[in-house]
Amino acid sequence: MITRRDFLAVSGAGAGVGVGAATGVVPIASLGMAASVLGARPRPASQPASEGDAHRGPCVIASGNGLAAVTRAMELLDQGYDPADAVVQGVRINEDDPEDNSVGYGGLPNEEGIVELDASVMHGPTHKSGAVASLRHIKNPAQVALLVLRRTNHCLLVGEGALRFARQMGFQEENLLTEASRLAWLKWKANASREDFWLDDAERDPPAGKVWVSDGPGKLSAIDPDGVKRLTGTVHCSAVTRAGDLAGCTTTSGLSWKIPGRVGDSPIIGAGNYCDNEVGSAGCTGRGESCITNLSAYTMVMLMEMGKTPGEAAFEAARRMVDRSKESRLKGADGRPRFNVSFYALRKDGAYGAASLYEGSFAVRDRDGARVLPTVPLYSKGG
Ligand code: GLY
């Protein structure tokens with residue numbers, strides 16, 4: 001059975017593959033705050049250096065599932081395209097991919113089995129943003145968000161209005177639920193509660209040593225129960241051109257099995273995506289509610305403006321989130337968060353960095369090519 005505890009434990013972990021990385025502690029004095037102000041929460045001991053802080057020049061970074069995205073976005077930058085077009089076309093690869101259940105086509109649905117997508121784009125040179133939230137039936141919400149930015153006087157369209165706008169822009173409606181997503185949802189629904197009229201796996205008494213012959217279309221009983229625990233996933237992508245122009249994009253199917261209408265951080269400017277052409281671009285993946293209440297993307301850009309490197313800004317945003325996670329349901333017995341968030345920061349000069357609450361990864365396309373690197377985690381799941 002998927003409990004609320006399971007939900008919190010895995011929420012936000014889908015942003016990338018787990019990659020081991022050193023754990024460390026930030027000396028509180030170096031952050032200019034008194035320990036008594038921050039409270040006695042467990043925290044890492046030092047912040048390992050972020051190799052991306054030394055990079056200069058054109059660069060694209062993304063969440064760990066964005067290797068193809070950063071590669072495509074840099075191709076477009078090399079061809080002279082606007083950075084907003086580059087990041088949107090980059091994440092389109094994830095949106096179109098039925099195997100990526102964090103975003104677009106194949107994204108995991110809400111509690112009613114309907115895929116609802118969120119996305120935003122922010123463009124540095126014009127300081128404009130566009131976003132859509134709870135968009136159904138359109139697999140490329142980032143493209144719709146870019147058209148909100150370019151063709152309207154608004155920043156955010158939601159639900160039915162966003163869908164009508166997408167139709168007017170010529171987007172085709174389609175069923176975004178793949179067979180794998182439908183079966184994962186059905187598995188979750190059947191096992192979500194013993195108080196409802198759906199039989200849990202344990203209540204179905206399958207014939208010993210046999211498999212179900214008539215179990216509906218699809219092989220529900222073959223779904224790995226752990227598969228339904230992967231509850232959030234998102235793609236963020238930030239780019240900077242040779243001239244120092246920036247753009248950022250975040251797109252997602254949001255928290256799986258969410259209450260219909262739930263909007264995460266991805267379409268909220270300042271929360272899951274933010275860009276200032278004088279400073280840098282930043283974004284987040286993971287538990288969106290925490291990114292909203294901490295304005296994490298804006299925080300990273302603000303910290304870079306105050307002089308922190310991208311690596312330091314990402315790590316500090318992660319640390320602030322932990323310090324502000326006050327609800328006991330969000331913390332384990334050891335006081336550590338029971339969710340994960342990853343933070344990505346790119347500076348105007350091409351320096352970059354990424355951090356996370358627990359181990360994570362991010363993709364980069366810089367002067368050394370495209371690759372996936374570990375984020376700097378505040379905590380190690382191993383200890
Ligand atoms: N960060 C994605 C979401 O929570 O919707």
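The values are calculated or read from the model by the stated rules, or taken from the named source; none is laboratory data. Because the structure is a prediction, the values reported are computed rather than measured. Note: accessible area is taken over every heavy atom of the protein model, side chains too, but ligands, DNA and RNA are not part of it. Shrake-Rupley method; radii C 1.70, N 1.55, O 1.52, S 1.80 Å.
Only Cα pairs under 8 Å and at least 6 apart count here; give the relative contact order of segment 94-213 as a rounded whole percent. Please report the intermediate quantities before stating the final value.
Numbers: 198 pairs, mean separation 27.0, N = 120.
Relative CO of segment 94-213 lands at 22 percent.
Below 8 Å between Cα atoms, with a sequence gap of 6+, how large is the relative contact order for segment 238-319 in percent? The partial results should precede the final answer.
Numbers: 135 pairs, mean separation 19.8, N = 82.
For segment 238-319, the relative contact order is 24 percent.
Under a 1.4 Å probe, what is the accessible area of segment 224-358 per residue, stated in Å²? Kindly include the intermediate steps, with their values, before the conclusion.
Working: 3870 Å² over 135 residues.
On a per-residue basis, segment 224-358 sits at 29 Å².
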Using the Karplus curve 6.51 cos²θ - 1.76 cosθ + 1.60 with θ = phi - 60°, work out ³J(HN,Hα) for each residue of segment 81-86 in order, rounded to whole Hz, and write x for Gly and Pro. 6, 4, x, 5, 4, 4
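Taking only the alpha-carbon atoms of segment 61-189, what semi-axes of the equivalent ellipsoid follow from 5 times the gyration tensor eigenvalues under a square root, in whole Å, largest first?
On the way: eigenvalues 126, 70, 23 Å².
Here the semi-axes work out to 25, 19, 11 Å.
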Scan around V376 for amide H atoms under 5 Å from its own, H built in the peptide plane at 1.01 Å from N, and keep only partners 5 or more places away or cross-chain. A354, A355, S356
Can you compute 3J(HN,Hα) from phi for each residue in segment 263-278, using the Karplus curve 6.51 cos²θ - 1.76 cosθ + 1.60 with θ = phi - 60°, rounded to whole Hz and x for Gly and Pro? 10, x, 7, 4, x, 9, 5, x, 8, x, 6, 7, 8, 9, 5, 7
For H55, list long-range residues whose amide hydrogen, built 1.01 Å from N in the peptide plane, is under 5 Å from its own amide hydrogen. Y352
Which links in K308/K348; K187/K381; K187/K258; K308/K331 stretch past 19 Å when you go from one Cα to the other? K187/K381; K308/K331
How much solvent-accessible surface does W198 expose, in Å² to the nearest 10, with a 1.4 Å probe and all protein chains in place? 110 Å²
